[in-house]
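The values are calculated or read from the model by the stated rules, or taken from the named source; none is laboratory data. Keep in mind the model is a prediction, meaning the values are calculated, not measured. Every residue, glycine among them, receives a Cβ derived from its backbone with ideal geometry; neighbour counts consider all protein chains shown. Only protein heavy atoms, including side chains, enter the accessible area calculation; ligands, DNA and RNA are left aside. Shrake-Rupley method; radii C 1.70, N 1.55, O 1.52, S 1.80 Å.
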Amino acid sequence: MLTSLMPWLLAVAILLAVVGALRRARLWLRGRASNVNVWAGIRAMPKRYLVDLHHVVERDRYISNTHVATAGGFVLASVLAILLHGFAWESKLLAWLLLAASGAMLIGAVRVAKRRQSPPDRLSKGAWMRLPKSLMVFAISFLILSLPAVGLLPEGFGGVVLAALLTAGIVWGLAEMFIGMTWGGPMKHAFAGALHLAFHRRSERFGGGRSTGLKALNFDDAQAPLGVEKPTDFTWNQLLGFDACVQCGRCEAVCPAFAAGQPLNPKKLIQDMVVGLAGGSDASYSGSPYPGKPLGEHKGGPFQAIVAREGKGLLDADTLWACTTCRACVEECPMMIEHVDAIVDMRRHLTLERGQTPNKGAEVLENLIATDNPGGFNPGSRMNWAADLNLPILADVKRTDVLLWLGDGAFDMRNQRTLRAFIKVLRSAGVQFAVLGNEERDSGDVARRLGDEATFQHLAKLNIHTLQQYSFRSIVTCDPHSFHVLKNEYPELGGEYVVYHHTTFMERLYRDKQLSLKDWVGGRVTYHDPCYLGRYNGEYDAPRQLLDALGIDRVEMTRSGFRSRCCGGGGGAPITDIPGKQRIPDMRMDDIKASGANVVAVGCPQCTAMLEGVVEPRPQVLDIAELVAQSLIEEETRA
Amino acid sequence: MSRNLARLHSSDEVSVTVLVSIGKHPVTGRLRRADQDARALEMALGLSDSEPRVIYAGPLNDSTEPALRGYLGMGVSELKVLRQSEQNDIVPALSGFLDNSPSSLILCGSRAELGESSGLVPYQLADALGYTLVSNVAVIEEVTATLAVVLQALPRGQRRRIEVVLPAILAVDTASPVARQVAYAKASRGFINCVVTDAAEDDATEQWHYQPARKRPKRLKIIKATSARDRFKAAAAKAEGTGGQVLTSVSAEEGAVAILKVLKEEGVLKT
Amino acid sequence: MNDIKRRDPRSEWILRNRLHPEHSTYALTHATGIMSEWIGPTGVKRKNPHLVGFIGPSGLRRIDRSGLQSSQQTSVKVQVDIDSRRFIQINAPSDYIVVVPELPGGRFSAQDKDLFGLAQQLASKHSETTAVLGVILSPLKDTALGEIGMDRVYFADASEFSDYDPEAHLQQLTAIEREFNPLYWLFPEQTSISADLGRRLSVKLKVRATSNVWQLDLDTLIATCRASGGTSDLYRPVSRVILALAECAEPVSDTRHEAKPIDQAINAVDVIKRIRNLGAVSVDPAKVALSEAEFILSGGKGIANWDAFHELARRLGATEGASRVAVDDGHMPRDRQVGATGTWVTARVYLAIGISGAIQHLQGIQACDKVIAINTDPGCDMIKRADLAVIVDSSELIQSMLDQLQQRQEEVQNVA
């Protein structure tokens, strides 16, 4: 009986799955067009899946092994089941293989079930608690179904009872695994995920590459809405990406805003986008909510505004403004979903279309437009701090080796100390350098993260125009934000430069023996990775090598390197200032204290400002340039 | 101050006009929306759901247009421009236009950020149109078909309530709520509509000339020296008050007495 | 005051003892009808050398001009100072210059006094017989009108007007214009009543007011005006209506004037009023915007009991402020943060409790006149900035201040 039913069951499941897939694809295709190479993507997909995705999953060994067993077993079992039972091939070998595949899948399913016994907070519950059972039912059903075929059990074993049970199991399994995959069950991640990997908007990220710069907004069409107001304003492959989310909550676990009790949870944000994609409310979401925002109050649809103009929409604006753009969620996401892109897209709408940048946001943007710096300082006083340093100005010397990009820290008394230290190092190494002086403008970083793409592009174009007039080999800056923008975001607007962060540059100078350093004495030092240097640009080593070169007793925090926790200063977060239960820099300072260090080395003016804002007593905050400058062996040339 | 702005009753058909001008950033001198005019527009936008009429009289060119678009960026779809040259007196143009298409409530900033900044335009307009004028308006509390109740800003955050018969011109003070952010998209999509008006040369300004603002000299302490010795002493005296008084090892009571004494001397303690 | 004549044995003894070091000064003040200094008929100060100085160790009279001995003579000197001011009386003025002071709180502000100074300068430049006429439109508490520089004064019937009644006031001014046809009208600029009146008058008289004047060249009569929103100076011939900023001239100090009420009748025309003054609105100090507040009580990390802090602010009638840390910790809302990253304040008195004074905070209170700091750490930067600092536990001090305020209030109630 079962043998005759199986082809029909499989056919119906596959048919329903295909219908579901088409329906889902139609939802995605409501999004805006995107420039994706479809065929290259599909060709590259298996490798992306097996290599790139697996690399990220493997950060959790247990679940990576589990996933290999379950997913591998399932894919193999499905193919074999279709061949054996759908097309009624007679092959002992294939039957053995099916047995093995469903066995592997069973082992995986048991491990999933074990993880789910007392699941960590970051995992979603609800339908996801059903998944291990469905997996087991699917695996056991096909396992038992294969036993007679390989001859381990006699044909007709168990009689009608077993046949009925098996039929029920197979229907359940097929419903969850095949139909659920495209109709919105937990298994949707496999289907959407595979396509998402194929059509990812940042294909450069695969194969060990890096793509972190925000994508420029096109202002050519004056009537086109700017940014993302409703779910369909995302590009179709962004929508597809949201659908790929497995709700593993790794993003939630690393999000500094979530930990600080601010109303942001990257996982919930992506799930809200999925809700918006299909229409509905967040009542059925089964993970941790945004801190302080109960579930069930927000709802939306594909053509409704995500942030409602009145009342509640899909999410509230403060959720979007709580993000520090630290990229920890993107770094952790096994599905390589781009949370930060989505958040900035929605911010662009709020700022450009509605003019609703919260708190000090409006003032900062106004300052950037009127004075080229966020503080509203007189742009003619940018070099006042260096009146005694005699810095060569590029407008006078026209050409130089190294262009020192000062950044807006030039207006900040604390950062001026860092700049002085770095200039001392440059002079000691005999580097030929110059500065732009009053011609320099804000790089546009803050404007862009606050969603004001217009001001960003305006500043960027002016800066690029200024830089075009001079000749230099490379740009060096003490500010990772400027570094990132100059290096990764200006090329799209026509400015391609060789850019170094000052730690990288100093490390090269040291390696080239242009710096003579003595040991730095002052206690234990830990290093805080700035997000825009580490995760955004992959520079984790140079700062550490410099510290080692200074003979420093270096200790690492639990969260360092690519898992470094944000200081809370990025993405305009100190400007939009969304309240939470605690402050992000306080949490980071606790990390620093826990490491036992009495000095924290930093490489970013934002991090310095945020960490020094923590109430004393606390470890001292010093820029690496300051540490190096203190350890220079000055040559006694004057005698 | 709280933004408890009155909403117009929909039955009362009070048409609101906002007069705007070109502003100038105090540090860089770049042109932008004028702060007080933007506050006036903010007030008008809070008054009713229907859009206020926004009028600008003055030169329109490549440098002033982006500044004017700042007002459009606050959410109005159209800006009427009475095109004038820089030398023109804008009052005849404005009064002529407003005479033909009157408005019962006209809001504007107290003084311009370019040119003379005399703050006379609202007065001259009120005179020419026969409107009532109230200056230093901080909040509009209530508007009916014939009356408006407003709060006038006094120094140090104090307020005075004034009832004014319409039609009226309200000159808005910097104590009024801050203008909303300029939304780039609205600014670039809004319409700038030129209206043809007469132009009148402002001939009073012939002998005037402008210079960048000089720093005002700090007033010196005047020494009324009646004798040579006093004059000498005053000239040779050291600057006083280099450091404050620090009370250490005092009890809380003594400290409180000392502080209350100073507060009393400074006149901030009312009891 | 007191009819009982009291003897002062000590001074009697000093007066008897010619070798006592203070003998000469006592002799000076007690000698009846004899002054050591006076103003001669030509206005030059005269001194009687026999009455000043002291007997030196060699028995000779010494006159010490270093001033070390003169501190005892203050009572005499004040007398001399008052007398030294020239008294100016104009019997039949040929021209008038009118000043309309702002009179905040019924008293002359510093700016009002500066304007009278400017008016007197203009008057003396014009002719000997040009009189400065002060127009008092609201109830006045100050009495020293002549010393401010008024030759004539006109009191509007104060009972008829409230402090803000621009339409009626304008009628008064136009009546004065008709009656006296003044050379100049002077109004204090950027005030809430007078500057408004000045503009109304200028429009009414069809005179283009010279506004924002901060300097006036008396020879050329070219005014320097702050224009373009404060970013440029406009040089222009002064017109009849002048709106002048504070410190436009030195106030009158070395002359006294008659301040004679004018006797002509001023008949102002009645108008139908379209502006009605509904009176001052009581503004809760706590709701006043930080940047506008006159008196700020600011709390920081050192505050243990925030309820007591709020109570103190209420009792003092102060606007509340806070340091960044206090805001971050959630004790105060963000709009109450003082400092470069919060609000730059302009308070006249700034009372900081438990704030150590981060550089951004000190930047934000640059414009404050009087800073009072309460902190337990005598080395912190706020103490260095403060005009008065008390090193004491903040909780105790707040409690103590509350007790004393309570005590005062009870005293006031008992008296009343």
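No other residue among C:ALA318, C:ALA340, C:ALA358 is within 14 Å of chain B (Cβ to nearest Cβ) and either farther than 14 Å from C:ILE374 by Cβ or out of contact with any Cys (no Cβ under 9 Å at 6 or more places or on another chain) (or both) apart from C:ALA318.
Going through (1) assigned to a loop (DSSP other than H, G, I, E, B); (2) open to solvent by 40 Å² or more (accessible area, probe 1.4 Å); (3) in contact (Cβ under 8 Å) with a residue 12 or more places away in the chain one by one, A:ASN373 falls short only on (2). Taking the criterion of being surrounded by fewer than 22 Cβ atoms within 10 Å (Cβ to Cβ), hydrophobic (A, V, I, L, M, F, W, C) and closer than 15 Å to B:ARG180 by Cβ, would at least one residue in the stretch B:42-55 satisfy it? Yes, the stretch B:42-55 has at least one match. On the given criteria, is C:GLN215 within 11 Å of another protein chain (Cβ to nearest Cβ) and open to solvent by 10 Å² or more (accessible area, probe 1.4 Å)? Criteria met by C:GLN215. Among residues of the stretch A:441-463 being open to solvent by 10 Å² or more (accessible area, probe 1.4 Å) and hydrophobic (A, V, I, L, M, F, W, C), the one that is farthest from the other protein chains (Cβ to nearest Cβ) is A:VAL446. Look at C:ARG226 and say whether it is more than 24 Å from B:PRO212 (Cβ to Cβ) and either open to solvent by less than 30 Å² (accessible area, probe 1.4 Å) or modelled with pLDDT under 95 (or both). Spelling it out, it is not the case that C:ARG226 is more than 24 Å from B:PRO212 (Cβ to Cβ) and either open to solvent by less than 30 Å² (accessible area, probe 1.4 Å) or modelled with pLDDT under 95 (or both). Out of everything in the stretch A:418-440 that is under 23 Å from A:THR371 (Cα atoms) and not aliphatic (A, V, I, L, M), what residue ends up being most open to solvent (accessible area, probe 1.4 Å)? For the stretch A:418-440, the residue satisfying everything is A:ASN438.
Which of the following residues is farther than 27 Å from A:PRO574 by Cβ, touching a residue at least 12 places away in the same chain (Cβ under 8 Å) and assigned to a loop (DSSP other than H, G, I, E, B): C:ALA304, C:ALA308, C:ALA313, C:ALA293? Reasoning before the result, please.
Values: C:ALA308 fails: assigned to a loop (DSSP other than H, G, I, E, B); C:ALA313 fails: assigned to a loop (DSSP other than H, G, I, E, B); C:ALA293 fails: farther than 27 Å from A:PRO574 by Cβ.
Just a single option satisfies the conditions, and that option is C:ALA304.
Of the residues making up the stretch C:387-406, none is more than 10 Å from every other protein chain (Cβ to nearest Cβ), at negative phi and open to solvent by 80 Å² or more (accessible area, probe 1.4 Å). Pairs are defined by a Cβ separation below 6 Å, a sequence spacing of at least 6 or placement on different chains, a first member in the stretch A:134-159 that is closer than 20 Å to A:GLY180 by Cβ and modelled with pLDDT of 80 or more, and a second member that is part of a helix (DSSP H, G or I) and open to solvent by 50 Å² or more (accessible area, probe 1.4 Å); the pairs so defined are A:VAL137/A:TRP172. When A:CYS329 is tested against the conditions (1) out of contact with any Pro (no Cβ under 7 Å at 6 or more places or on another chain); (2) under 23 Å from A:ALA192 (Cα atoms); (3) outside any loop (DSSP other than H, G, I, E, B), the lone failure is (1). Pairs meeting the criteria (first residue in the stretch A:273-296 and without any contact (Cβ under 8 Å) to a residue 24 or more places away in the chain, second residue open to solvent by less than 40 Å² (accessible area, probe 1.4 Å) and aromatic (Phe, Trp, Tyr), beta carbons under 8 Å, at least 6 apart or on different chains) are A:LEU295/A:TYR285. Given the criterion closer than 28 Å to A:LEU350 by Cβ and either surrounded by fewer than 21 Cβ atoms within 10 Å (Cβ to Cβ) or away from chain A (no Cβ under 14 Å) (or both), identify the matching residue among B:PRO167, B:PRO177, B:PRO155. Of the residues listed, the single one that is closer than 28 Å to A:LEU350 by Cβ and either surrounded by fewer than 21 Cβ atoms within 10 Å (Cβ to Cβ) or away from chain A (no Cβ under 14 Å) (or both) is B:PRO177. Any idea which residue in the stretch A:213-243 is nearest to B:LYS186 (Cα to Cα), counting only those that are acidic (Asp, Glu) and crowded, with 17+ Cβ neighbours inside 10 Å? Checked the stretch A:213-243; the qualifying residue nearest to B:LYS186 (Cα to Cα) is A:GLU229. Under the condition of being within 30 Å of A:ARG43 (Cβ to Cβ) and either open to solvent by 20 Å² or more (accessible area, probe 1.4 Å) or not in a helix (DSSP H, G or I) (or both), the residues counted in the stretch A:146-187 number 8. Only one of the listed residues (C:ARG314, C:ARG348, C:ARG334) is open to solvent by 40 Å² or more (accessible area, probe 1.4 Å), in contact with a strand residue (DSSP E or B) (Cβ under 7 Å, 6 or more places away or on another chain) and of a type outside the set (Ser, Thr, Tyr). That residue is C:ARG348. The set of residues in the stretch C:228-284 that are more than 9 Å from chain B (Cβ to nearest Cβ) and among the basic types (Lys, Arg) comprises C:ARG240, C:ARG256, C:LYS260.
Residues that are part of a strand (DSSP E or B) and facing another protein chain (nearest Cβ under 9 Å) within the stretch C:373-386 comprise C:ALA373, C:ILE374, listed in sequence order.
For the stretch A:244-259, which residues satisfy the criterion of being surrounded by 24 or more Cβ atoms within 10 Å (Cβ to Cβ) and either of a type in the set (Lys, Arg) or more than 18 Å from A:ALA342 (Cβ to Cβ) (or both)? Residue satisfying the conditions is A:ARG250 alone.
Results for (1) closer than 22 Å to C:GLN172 by Cβ; (2) modelled with pLDDT of 90 or more; (3) open to solvent by 40 Å² or more (accessible area, probe 1.4 Å); (4) in the same structural domain as C:SER24 (by TED's automatic domain parsing), shown as yes or no for each residue.
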{"position": "C:ASP64", "(1), (2), (3), (4)": "no, no, yes, yes"}
{"position": "C:LEU68", "(1), (2), (3), (4)": "no, no, yes, yes"}
{"position": "C:SER75", "(1), (2), (3), (4)": "no, no, yes, yes"}
{"position": "C:GLN111", "(1), (2), (3), (4)": "yes, yes, no, no"}
{"position": "C:ALA119", "(1), (2), (3), (4)": "yes, yes, no, no"}
{"position": "C:SER124", "(1), (2), (3), (4)": "no, yes, yes, no"}
{"position": "C:LEU140", "(1), (2), (3), (4)": "yes, no, yes, no"}
{"position": "C:GLY149", "(1), (2), (3), (4)": "yes, yes, no, no"}
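Only one of the listed residues (C:PRO182, C:PRO139) is without any contact (Cβ under 8 Å) to a residue 60 or more places away in the chain and more than 14 Å from chain B (Cβ to nearest Cβ). That residue is C:PRO139.
In the stretch B:213-233 there is at least one residue matching the filter, namely being at pLDDT below 90 and either within 14 Å of chain A (Cβ to nearest Cβ) or surrounded by 17 or more Cβ atoms within 10 Å (Cβ to Cβ) (or both). Report yes if C:ILE262 is under 22 Å from C:SER194 (Cβ atoms), over 25 Å from the mean Cα position of the chain (by Cα), modelled with pLDDT of 90 or more and surrounded by fewer than 22 Cβ atoms within 10 Å (Cβ to Cβ), otherwise no. For C:ILE262, the condition - under 22 Å from C:SER194 (Cβ atoms), over 25 Å from the mean Cα position of the chain (by Cα), modelled with pLDDT of 90 or more and surrounded by fewer than 22 Cβ atoms within 10 Å (Cβ to Cβ) - is not met. Looking across the stretch B:108-123, the residues that are under 11 Å from the mean Cα position of the chain (by Cα) and either more than 10 Å from chain C (Cβ to nearest Cβ) or under 22 Å from B:ARG30 (Cβ atoms) (or both) come down to B:CYS108, B:GLY109, B:SER110, B:ARG111, B:ALA112, B:GLU113, B:SER117.
Here A:THR466, A:THR418 are screened, and the one residue that is part of a helix (DSSP H, G or I), closer than 30 Å to B:ARG189 by Cα and touching a residue at least 24 places away in the same chain (Cβ under 8 Å) is A:THR466.
Residues in the stretch C:202-212 that are more than 7 Å from chain B (Cβ to nearest Cβ) and either of a type in the set (Phe, Trp, Tyr) or under 27 Å from the mean Cα position of the chain (by Cα) (or both): C:THR210 only.
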